[in-house]
Amino acid sequence: MADLSAYHPPEPQQLRITRIAPAPDTLILVVAGEIDAVVRAQWLDALASAIDSPRLRLLICDCTDVGFVSIDGFLALIDTHCAARRRGVRIQVVNPPSTLVRLLTMISGITVTPTKGTRSPCPPMTRSTR
């Protein structure tokens, strides 16, 4: 029988979000970790509180240190995008991981062209015209 006394369950995933306000109408969320169902509430709270300022016009999500975005994280971003548009706030995602690029391409049909130096996205999917 295997000795399980040395087994240590993995630590819960942590999402680290740092807020930087370079201008009164701009906020940068520097995000690190994985965005999935486990941290969806934390991600959604961070996004919602970010667009809550009446002076905000641009929210930048710097995802350079995000390794993975699940459908839960993607849907939270889409929900926030809709709410932000109603308030006149634009959301910009910088250096998205390939999973986020893949979801954008598959679900919305949007073709994402990464900026120089970002991670390579999946090849764009084409829509059937049948």
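Label sites at Ala41 and Thr18, each approximated as a point 7 angstrom past Cα along Cα to Cβ, lie 2.7 nm apart. The antiparallel fraction among DSSP beta bridges confined to the range 16-108 stands at about 30%.
Trypsin sites (Lys or Arg not before Pro), restricted to the range 31-88: which are DSSP loop and have at most 16 other Cβ atoms within 10 Å?
On the way: sites: Arg40, Arg55, Arg57, Arg85, Arg86, Arg87; in loops: Arg55, Arg57, Arg87.
When the trypsin sites (Lys or Arg not before Pro) of the range 31-88 are filtered for loop state and at most 16 Cβ neighbours within 10 Å, Arg55, Arg57, Arg87 remain.
At 37 °C and a viscosity of 0.692 mPa s, what translational diffusion coefficient does Stokes-Einstein give for the range 16-108, taking Rh as the Kirkwood radius over Cα pairs? Give it in µm²/s as a whole number.
The Stokes-Einstein estimate is 251 µm²/s.
About its Cα centre, the range 16-108 has a charge dipole of approximately 380 debye under the convention of +1 per Lys or Arg Cβ and -1 per Asp or Glu Cβ, with nothing else charged.
The numbers here are math on the coordinates, done by the rules we state, and not lab data. Keep in mind the model is a prediction, meaning the values are calculated, not measured. So basically every Cβ, Gly included, is an ideal-geometry build from the backbone, and we count neighbours across all protein chains shown.
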